[in-house]
Amino acid sequence: MSLSGTTNRYGSLAQAFHWLTALLVLIAFLVSEGGPPTRVYSEARASTLLLHESLGFTVFWLLVLRLIWRLFDRVPDAPPMPAWMDVASKVTHWALYALLFAVPATAMLGAWFGGHPVTVYGFGAIGPFFGPWDAGASLADIHGTLGDIILWLAGLHAAAAIFHHVFLRDRVLSQMLPGSLVQRGEMPGRQ
Ligand code: HEM
Ligand code: HEM
(Lines give C-alpha, C1' and ligand atoms only; values in the text may rest on other atoms or scores of the structure.)
(Ligands and ions follow the chains in the order given, each with its own letter.)
Protein backbone atom coordinates (compact mmCIF):
# COMPACT_ATOMS: atom_id res chain seq x y z
CA MET A 1 0.00 0.00 0.00
CA SER A 2 1.29 3.43 -0.95
CA LEU A 3 2.36 6.11 1.52
CA SER A 4 0.53 8.74 -0.56
CA GLY A 5 -3.16 8.83 -1.39
CA THR A 6 -4.85 8.30 -4.75
CA THR A 7 -8.06 9.68 -6.29
CA ASN A 8 -10.08 7.09 -4.35
CA ARG A 9 -8.04 6.15 -1.25
CA TYR A 10 -6.21 7.84 1.59
CA GLY A 11 -2.53 6.83 1.65
CA SER A 12 -1.14 4.74 4.50
CA LEU A 13 0.51 7.73 6.22
CA ALA A 14 -2.72 9.78 6.26
CA GLN A 15 -4.55 6.70 7.58
CA ALA A 16 -1.94 6.14 10.30
CA PHE A 17 -2.22 9.81 11.39
CA HIS A 18 -6.02 9.54 11.41
CA TRP A 19 -6.39 6.35 13.46
CA LEU A 20 -3.55 7.11 15.87
CA THR A 21 -5.04 10.55 16.54
CA ALA A 22 -8.51 9.07 17.09
CA LEU A 23 -7.09 6.54 19.58
CA LEU A 24 -5.04 9.13 21.49
CA VAL A 25 -7.97 11.59 21.71
CA LEU A 26 -10.19 8.83 23.07
CA ILE A 27 -7.68 7.74 25.73
CA ALA A 28 -6.84 11.39 26.66
CA PHE A 29 -10.57 11.99 27.14
CA LEU A 30 -11.02 8.85 29.25
CA VAL A 31 -8.18 9.78 31.63
CA SER A 32 -9.12 13.49 31.88
CA GLU A 33 -9.95 14.80 35.30
CA GLY A 34 -11.72 17.96 36.35
CA GLY A 35 -12.42 19.64 39.66
CA PRO A 36 -10.61 22.45 41.46
CA PRO A 37 -6.90 23.08 40.69
CA THR A 38 -6.00 21.72 44.15
CA ARG A 39 -7.35 18.34 42.96
CA VAL A 40 -6.12 18.49 39.33
CA TYR A 41 -2.56 19.44 40.37
CA SER A 42 -2.41 17.33 43.56
CA GLU A 43 0.44 14.85 44.12
CA ALA A 44 -2.09 11.97 44.09
CA ARG A 45 -3.25 12.91 40.55
CA ALA A 46 0.21 13.67 39.12
CA SER A 47 0.60 10.43 37.14
CA THR A 48 -2.90 10.68 35.59
CA LEU A 49 -2.24 14.31 34.66
CA LEU A 50 1.14 13.37 33.18
CA LEU A 51 -0.58 10.70 31.04
CA HIS A 52 -3.40 13.06 30.00
CA GLU A 53 -1.05 15.93 29.11
CA SER A 54 1.44 13.66 27.29
CA LEU A 55 -1.31 12.07 25.16
CA GLY A 56 -2.88 15.46 24.44
CA PHE A 57 0.46 17.04 23.53
CA THR A 58 1.15 14.11 21.17
CA VAL A 59 -2.19 14.85 19.46
CA PHE A 60 -0.95 18.42 18.99
CA TRP A 61 2.34 17.65 17.22
CA LEU A 62 0.73 14.80 15.24
CA LEU A 63 -1.71 17.42 13.92
CA VAL A 64 1.18 19.65 12.81
CA LEU A 65 2.94 16.75 11.00
CA ARG A 66 -0.36 15.58 9.51
CA LEU A 67 -1.24 19.00 8.08
CA ILE A 68 2.25 19.44 6.62
CA TRP A 69 1.97 16.00 4.98
CA ARG A 70 -1.53 16.88 3.71
CA LEU A 71 -0.03 19.78 1.70
CA PHE A 72 1.99 17.26 -0.37
CA ASP A 73 -0.38 14.29 -0.27
CA ARG A 74 -3.18 13.41 -2.71
CA VAL A 75 -6.48 13.70 -0.83
CA PRO A 76 -9.11 11.41 -2.43
CA ASP A 77 -12.01 12.94 -4.37
CA ALA A 78 -15.39 12.70 -2.69
CA PRO A 79 -17.48 9.80 -4.04
CA PRO A 80 -20.70 10.86 -5.80
CA MET A 81 -23.10 12.37 -3.21
CA PRO A 82 -25.50 15.33 -2.92
CA ALA A 83 -23.74 18.72 -2.67
CA TRP A 84 -25.07 19.43 0.86
CA MET A 85 -23.59 16.14 2.12
CA ASP A 86 -20.22 16.92 0.61
CA VAL A 87 -20.25 20.39 2.21
CA ALA A 88 -21.36 18.96 5.60
CA SER A 89 -18.54 16.41 5.53
CA LYS A 90 -15.88 19.04 4.66
CA VAL A 91 -17.17 21.43 7.36
CA THR A 92 -17.04 18.59 9.90
CA HIS A 93 -13.48 17.64 8.91
CA TRP A 94 -12.21 21.23 9.26
CA ALA A 95 -14.10 21.65 12.55
CA LEU A 96 -12.33 18.50 13.81
CA TYR A 97 -8.95 19.88 12.67
CA ALA A 98 -9.73 23.19 14.44
CA LEU A 99 -10.62 21.30 17.64
CA LEU A 100 -7.46 19.16 17.41
CA PHE A 101 -5.59 22.47 17.61
CA ALA A 102 -7.84 24.33 20.08
CA VAL A 103 -8.17 21.53 22.68
CA PRO A 104 -4.42 21.20 23.43
CA ALA A 105 -3.78 24.96 22.89
CA THR A 106 -6.40 26.05 25.45
CA ALA A 107 -5.05 23.40 27.86
CA MET A 108 -1.45 24.57 27.69
CA LEU A 109 -2.29 28.27 27.81
CA GLY A 110 -4.90 27.67 30.53
CA ALA A 111 -2.35 25.86 32.71
CA TRP A 112 0.37 28.49 32.23
CA PHE A 113 -1.98 31.49 32.59
CA GLY A 114 -3.29 29.84 35.76
CA GLY A 115 0.28 29.65 37.11
CA HIS A 116 0.58 25.84 36.73
CA PRO A 117 3.29 23.80 34.98
CA VAL A 118 2.64 21.45 32.06
CA THR A 119 4.08 17.94 32.39
CA VAL A 120 4.78 15.83 29.30
CA TYR A 121 6.74 12.60 28.72
CA GLY A 122 8.37 12.78 32.18
CA PHE A 123 10.47 15.86 31.23
CA GLY A 124 9.45 17.46 34.53
CA ALA A 125 7.61 20.73 34.97
CA ILE A 126 7.51 22.97 31.88
CA GLY A 127 6.57 26.55 32.78
CA PRO A 128 4.63 28.47 33.83
CA PHE A 129 6.34 31.27 31.94
CA PHE A 130 3.81 33.95 32.96
CA GLY A 131 0.77 34.41 35.22
CA PRO A 132 -0.99 33.52 37.36
CA TRP A 133 -3.78 35.42 35.64
CA ASP A 134 -7.57 35.06 35.97
CA ALA A 135 -7.83 34.02 32.31
CA GLY A 136 -6.17 30.71 33.26
CA ALA A 137 -9.29 29.30 34.96
CA SER A 138 -11.56 30.38 32.07
CA LEU A 139 -9.25 28.81 29.50
CA ALA A 140 -9.13 25.58 31.55
CA ASP A 141 -12.97 25.53 31.56
CA ILE A 142 -13.05 26.19 27.81
CA HIS A 143 -10.55 23.33 27.37
CA GLY A 144 -12.84 20.89 29.23
CA THR A 145 -15.87 21.98 27.16
CA LEU A 146 -13.96 21.71 23.85
CA GLY A 147 -12.69 18.29 25.00
CA ASP A 148 -16.33 17.16 25.36
CA ILE A 149 -17.30 18.74 22.02
CA ILE A 150 -14.52 16.98 20.06
CA LEU A 151 -15.76 13.62 21.37
CA TRP A 152 -19.37 14.37 20.39
CA LEU A 153 -18.39 15.65 16.95
CA ALA A 154 -16.06 12.69 16.33
CA GLY A 155 -18.90 10.37 17.36
CA LEU A 156 -21.25 12.02 14.87
CA HIS A 157 -18.52 11.87 12.20
CA ALA A 158 -17.96 8.14 12.88
CA ALA A 159 -21.73 7.49 12.73
CA ALA A 160 -21.85 9.31 9.35
CA ALA A 161 -18.97 7.15 8.03
CA ILE A 162 -20.81 3.97 9.10
CA PHE A 163 -24.05 5.29 7.55
CA HIS A 164 -22.19 5.80 4.23
CA HIS A 165 -20.82 2.28 4.41
CA VAL A 166 -23.99 0.43 5.39
CA PHE A 167 -26.78 2.42 3.72
CA LEU A 168 -25.23 4.47 0.90
CA ARG A 169 -22.74 1.67 0.13
CA ASP A 170 -20.04 4.08 -1.10
CA ARG A 171 -16.28 4.03 -0.40
CA VAL A 172 -16.21 6.82 2.23
CA LEU A 173 -15.27 4.44 5.07
CA SER A 174 -13.22 1.92 3.09
CA GLN A 175 -10.96 4.68 1.67
CA MET A 176 -9.79 5.40 5.24
CA LEU A 177 -9.21 1.70 6.09
CA PRO A 178 -6.00 -0.28 5.44
CA GLY A 179 -6.06 -2.24 2.17
CA SER A 180 -6.01 -5.57 4.01
CA LEU A 181 -9.33 -4.69 5.63
CA VAL A 182 -11.01 -3.86 2.35
CA GLN A 183 -10.04 -6.80 0.16
CA ARG A 184 -7.07 -5.02 -1.45
CA GLY A 185 -8.24 -1.71 -2.85
CA GLU A 186 -11.82 -0.76 -3.41
CA MET A 187 -14.69 -2.85 -2.16
CA PRO A 188 -16.73 -4.40 -4.94
CA GLY A 189 -19.74 -2.34 -5.90
CA ARG A 190 -18.56 0.78 -4.02
CA GLN A 191 -18.07 4.08 -5.86
C1 HEM B 1 -7.01 15.91 22.47
C2 HEM B 1 -6.51 16.07 23.63
C3 HEM B 1 -7.28 16.35 24.90
C4 HEM B 1 -8.57 16.03 25.29
C5 HEM B 1 -9.64 15.28 24.49
C6 HEM B 1 -8.77 16.59 26.60
C7 HEM B 1 -9.94 16.52 27.33
C8 HEM B 1 -10.13 17.07 28.59
C9 HEM B 1 -11.39 17.13 29.29
C10 HEM B 1 -12.73 16.61 28.74
C11 HEM B 1 -11.16 17.72 30.49
C12 HEM B 1 -12.21 18.06 31.57
C13 HEM B 1 -12.40 16.91 32.51
C14 HEM B 1 -13.55 17.15 33.48
O15 HEM B 1 -13.91 18.33 33.74
O16 HEM B 1 -14.09 16.15 34.00
C17 HEM B 1 -9.75 18.04 30.54
C18 HEM B 1 -9.13 18.64 31.62
C19 HEM B 1 -7.80 18.99 31.64
N20 HEM B 1 -6.86 18.81 30.64
FE21 HEM B 1 -7.22 18.01 28.84
N22 HEM B 1 -7.59 17.19 27.00
C23 HEM B 1 -6.67 17.07 25.99
C24 HEM B 1 -5.36 17.56 25.97
C25 HEM B 1 -4.73 18.18 27.02
C26 HEM B 1 -3.39 18.74 27.02
C27 HEM B 1 -2.44 18.75 25.81
C28 HEM B 1 -3.15 19.24 28.25
C29 HEM B 1 -1.92 19.96 28.78
C30 HEM B 1 -0.77 19.98 28.22
C31 HEM B 1 -4.34 19.03 29.05
C32 HEM B 1 -4.49 19.41 30.36
C33 HEM B 1 -5.66 19.34 31.07
C34 HEM B 1 -5.82 19.87 32.42
C35 HEM B 1 -4.73 20.55 33.25
C36 HEM B 1 -7.16 19.66 32.78
C37 HEM B 1 -7.85 20.08 34.06
C38 HEM B 1 -8.41 21.46 33.81
C39 HEM B 1 -8.93 22.12 35.04
O40 HEM B 1 -10.11 21.89 35.37
O41 HEM B 1 -8.14 22.85 35.66
N42 HEM B 1 -5.29 18.40 28.26
N43 HEM B 1 -9.15 17.64 29.38
C1 HEM C 1 -11.28 11.71 17.69
C2 HEM C 1 -11.65 10.96 16.67
C3 HEM C 1 -11.55 11.40 15.23
C4 HEM C 1 -11.06 12.55 14.67
C5 HEM C 1 -10.45 13.76 15.38
C6 HEM C 1 -11.23 12.43 13.23
C7 HEM C 1 -10.85 13.40 12.31
C8 HEM C 1 -10.94 13.28 10.94
C9 HEM C 1 -10.52 14.26 9.99
C10 HEM C 1 -9.91 15.63 10.35
C11 HEM C 1 -10.73 13.76 8.74
C12 HEM C 1 -10.45 14.46 7.41
C13 HEM C 1 -9.23 13.85 6.76
C14 HEM C 1 -8.74 14.71 5.60
O15 HEM C 1 -9.34 14.68 4.52
O16 HEM C 1 -7.73 15.41 5.79
C17 HEM C 1 -11.31 12.44 8.90
C18 HEM C 1 -11.68 11.59 7.87
C19 HEM C 1 -12.33 10.41 8.06
N20 HEM C 1 -12.65 9.81 9.26
FE21 HEM C 1 -12.24 10.51 11.10
N22 HEM C 1 -11.82 11.21 12.94
C23 HEM C 1 -12.03 10.56 14.14
C24 HEM C 1 -12.60 9.31 14.32
C25 HEM C 1 -13.13 8.55 13.31
C26 HEM C 1 -13.82 7.28 13.48
C27 HEM C 1 -14.08 6.61 14.83
C28 HEM C 1 -14.20 6.86 12.23
C29 HEM C 1 -14.96 5.64 11.76
C30 HEM C 1 -15.71 4.85 12.41
C31 HEM C 1 -13.71 7.83 11.28
C32 HEM C 1 -13.83 7.74 9.91
C33 HEM C 1 -13.32 8.62 9.00
C34 HEM C 1 -13.44 8.46 7.55
C35 HEM C 1 -14.13 7.30 6.84
C36 HEM C 1 -12.82 9.57 6.97
C37 HEM C 1 -12.73 9.88 5.47
C38 HEM C 1 -13.97 10.63 5.14
C39 HEM C 1 -14.01 11.26 3.79
O40 HEM C 1 -13.00 11.29 3.09
O41 HEM C 1 -15.08 11.76 3.41
N42 HEM C 1 -13.08 8.85 11.97
N43 HEM C 1 -11.43 12.18 10.26
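The values are calculated or read from the model by the stated rules, or taken from the named source; none is laboratory data. Quick caveat, the model's predicted, so the values are computed rather than measured. So basically every Cβ, Gly included, is an ideal-geometry build from the backbone, and we count neighbours across all protein chains shown. Note: areas computed on protein heavy atoms with side chains; ligands, DNA, RNA excluded. Shrake-Rupley method; radii C 1.70, N 1.55, O 1.52, S 1.80 Å.
What single numbered condition from (1) open to solvent by less than 40 Å² (accessible area, probe 1.4 Å); (2) of a type in the set (A, V, I, L, M); (3) modelled with pLDDT under 95 fails to hold for Val25?
(3)
Whether any residue in the stretch 85-92 is over 22 Å from Leu146 (Cα atoms) and either in contact with a Leu (Cβ under 7 Å, 6 or more places away or on another chain) or of a type outside the set (Val, Ile, Thr) (or both) is what I want to check.
Yes; the residues of the stretch 85-92 include at least one that is over 22 Å from Leu146 (Cα atoms) and either in contact with a Leu (Cβ under 7 Å, 6 or more places away or on another chain) or of a type outside the set (Val, Ile, Thr) (or both).
Tell me yes or no: at least one residue of the stretch 1-14 is outside any helix (DSSP H, G or I) and free of Cβ contacts under 8 Å to residues at least 40 places away in the same chain. Write out each step before concluding.
Narrowing the stretch 1-14 to residues outside any helix (DSSP H, G or I): 1-11.
Among the residues that remain, those that are also free of Cβ contacts under 8 Å to residues at least 40 places away in the same chain are: 2-3.
Yes: one or more hits.
Does the stretch 38-60 contain at least one residue that is within 10 Å of ligand 2 (Cβ to nearest atom), more than 30 Å from Pro132 (Cα to Cα) and open to solvent by less than 80 Å² (accessible area, probe 1.4 Å)?
no
When you scan the stretch 96-106, do you find a residue that is without any contact (Cβ under 8 Å) to a residue 12 or more places away in the chain and small (Gly, Ala, Ser), even just one?
Step one: of the stretch 96-106, the residues without any contact (Cβ under 8 Å) to a residue 12 or more places away in the chain are 98.
Filter once more, so that each one left must be small (Gly, Ala, Ser): 98.
Yes: the stretch 96-106 contains one or more residues that are without any contact (Cβ under 8 Å) to a residue 12 or more places away in the chain and small (Gly, Ala, Ser).
Working carefully through the options Leu156, Leu109, find the one that is open to solvent by 50 Å² or more (accessible area, probe 1.4 Å), aliphatic (A, V, I, L, M), out of contact with any Leu (no Cβ under 8 Å at 6 or more places or on another chain) and within 25 Å of Leu30 (Cβ to Cβ).
On the way: Leu109 fails: out of contact with any Leu (no Cβ under 8 Å at 6 or more places or on another chain).
None of the other options fit; the residue is Leu156.
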